[in-house]
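Structure first, commentary second.
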Amino acid sequence: MNLRTIDLNLLVILDALLDEAHVSRAANRLGLSQPATSSALERCRHLFGDSLLERGKGGMRRTPKAEALRDPLKKLLSEVTLLLDPPPLDLKDIRQSVRIIMADHPATVILSPLHEGLAETAPGIDLVIQPWHGASAALEALGRGTADLAVSVFPELDPAFRRVTLLQEHYLVAMRKDHPAAARFDLENWLSYPHVLVSGRGDTQGALDAELRRHGRTRRVGIVVPSFLAVPPLLAQSDLIAMLPSRCLPAGAETTFAIFEPPIPVKGFPLHLAWHVRRDQDMAVQHVAEQIRHLLGKK
């Protein structure tokens, strides 16, 4: 193959087409017309000897060849970008935004010291905190390049991603100090009152429900909220009970709330930090990652 005949811009268009699996969305993302984007798709099909995007039920779908091309293509474009626009050699010379997917907790715990630390070590790095909608959505964003780092609970990842463990979390049960269940807290009293469940995706069941089923029990979830920040006011003004990761309880919570270990064993979880391998050599992203590891490792 004669590389001189290949238009690098064609690979940029292909990257967007494979991300979106939709010609119009890719065209809008690139600021191109739909006919120009369709024409580029045809040229890519000829270049790779594959249809790449095929009509399927509910829209277009990527062919196996297209799926295999996604990560190498993004890596290639990232390396070309580094070649043409190499990063500064000094952190203080960096001018870059780093996009992080993170739930409100641990964001509320680390954002202030993270910003303070970056202002001293790399003042040209700006942070963009993106909402958490689940681990799979976070990985999709990392793969697409619309996020640089993600803090979540991730299963074993394929080689296209890096994952480090930030901390190991365990659960605690909280309710207002004068809650009727606090005087004699046990399994029966715990399950006699409605619970608060935190879910960024609107799930109505969580880790506790699976464990209760193992014991032949169920609970009533009285309210589902998308944020841990909403829980303390709810507990303080009602008979609701919440089971929360221990680090999600506000500072000084023991003065306001009655706090107990769950009456049945509920397995904790590791909190991870992940990024795509394309960000391995990104000085700004790796510096922010190291700062997050340091801050959460102390909690």
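Using θ = phi - 60° and the Karplus form 6.51 cos²θ - 1.76 cosθ + 1.60, what ³J(HN,Hα) does each residue of the stretch 230-238 get, whole Hz, x for Gly and Pro?
Rounded to whole hertz, the list is 7, 6, x, x, 5, 5, 5, 10, 7.
Report, in debye and to the nearest 20, how large the dipole of the stretch 171-267 comes out about its Cα centre when Lys and Arg carry +1 and Asp and Glu carry -1 on their Cβ.
The calculation lands at about 200 debye.
Taking the Cα centre of the chain as the origin, how large is its charge dipole in debye, to the nearest 20, when only Lys and Arg (+1) and Asp and Glu (-1) carry charge on their Cβ atoms?
Its charge dipole is roughly 700 debye.
Can you show me the helix-derived [θ] at 222 nm for the chain, built from DSSP H runs with n ≥ 4 at -39,500 (n - 2.57) apiece and divided by the number of residues, rounded to the nearest 500.
-12500 deg cm²/dmol
Skipping prolines and chain starts, which residues have an amide H placed within reach, meaning under 5 Å, of the one on LEU127, given they are 5 or more residues away or on another chain?
VAL98
Could you tell me the distance between the Cα centroids of the stretch 155-174 and the stretch 210-225, to the nearest Å?
What the calculation gives is 23 Å, centre to centre.
Between LEU166 and residues 5 or more places away or on another chain, which pairs have amide H atoms under 5 Å apart, with H built 1.01 Å from N, and which residues are they?
Close amide H contacts, sequence-distant or interchain: LEU271, HIS272, LEU273.
Among LEU172, GLY200, GLN96, which residue has its Cα positioned farthest towards the positive end of the charge dipole of the stretch 66-220, with +1 placed on the Cβ of Lys and Arg, -1 on the Cβ of Asp and Glu, and the dipole taken about the Cα centre?
Of the options given, the answer is LEU172.
How big is the stretch 171-267 in terms of Cα radius of gyration and Dmax, in angstroms?
Expressed in Å, the Cα Rg and Dmax of the stretch 171-267 come to 12.3, 35.
How far is it, in nm, from the label point at GLN130 to the one at ARG247 when both lie 7 Å from their Cα along the line to the Cβ?
2.1 nm
Taking percent of Cα pairs over 37 Å apart straight from the coordinates, which label in (1) 17; (2) 11; (3) 32 is the correct one?
Checking each listed value against the structure points to (3).
Which whole-Hz ³J(HN,Hα) couplings does the stretch 266-273 yield from phi under the Karplus relation 6.51 cos²θ - 1.76 cosθ + 1.60, θ = phi - 60°, glycine and proline marked x?
Those phi angles translate into 10, 5, x, 8, x, 9, 10, 10 Hz.
Can you pull the one-decimal nm distance between simple spin-label points at ASP90 and HIS46, each 7 Å off the Cα toward Cβ?
5.0 nm
Given a Förster radius of 30 Å and the C-beta distance between GLN168 and ASN28 as r, what FRET efficiency does 1/(1 + (r/R0)^6) yield to the nearest 0.05?
Efficiency computed from Cβ-Cβ geometry: 0.10.
Among ARG201, ARG99, which comes first, second and so on when ranked by fewest other beta-carbon atoms within 10 Å?
ARG201, ARG99
So which helices of the chain fit the span-like rule, where a helix is a whole DSSP H run, its Cα atoms reach 30 Å or more along the axis, and its mean Kyte-Doolittle is at least -1.0?
The qualifying helices are 64-84.
Given the chain, what count of lysine pairs have C-alpha atoms under 21 Å apart, with each pair 8 or more places apart or on different chains?
Lysine pairs satisfying the spacing and distance rule in the chain number 4.
Can you give me the long-range amide H partners of ARG176? Hydrogens built in the peptide plane at 1.01 Å from N, cutoff under 5 Å, separation of 5 or more residues or another chain.
Those qualifying (amide H under 5 Å, at least 5 residues apart or on another chain) are ALA258.
Using θ = phi - 60° and the Karplus form 6.51 cos²θ - 1.76 cosθ + 1.60, what ³J(HN,Hα) does each residue of the stretch 145-159 get, whole Hz, x for Gly and Pro?
Running phi through 6.51 cos²θ - 1.76 cosθ + 1.60 with θ = phi - 60° gives x, 8, 9, 9, 9, 9, 10, 6, 9, 10, x, 4, 9, 6, x Hz.
With point charges of +1 on the Cβ of Lys and Arg and -1 on the Cβ of Asp and Glu, referenced to the Cα centre of the chain, which listed residue (GLY49, LEU84, HIS272) lies farthest in the positive direction of the dipole?
Among GLY49, LEU84, HIS272, the one farthest towards the positive end of the dipole of the chain is GLY49.
Compare the peptides 58-66, 285-293 by average per-residue count of other Cβ atoms within 10 angstrom and give them in order, highest first.
Ranked from most to least packed, the peptides come out as 285-293, 58-66.
Most mobile of GLY143, GLY117, GLY252 per a Gaussian network model of the chain (Cα springs, under 10 Å)?
Looking only at GLY143, GLY117, GLY252, the largest GNM fluctuation is found for GLY252.
Would you work out which of SER33, LEU10, HIS22 lies farthest towards the positive end of the dipole of the stretch 1-80, given +1 charges on the beta-carbon of Lys and Arg and -1 on that of Asp and Glu, about the Cα centre?
Selected residue: HIS22.
Values quoted throughout were computed directly from the atomic coordinates according to the rules given, and no laboratory measurement underlies them. Quick caveat, the model's predicted, so the values are computed rather than measured. Note: ideal-geometry Cβ built from the backbone for every residue, glycine included; neighbour counts use all protein chains shown.
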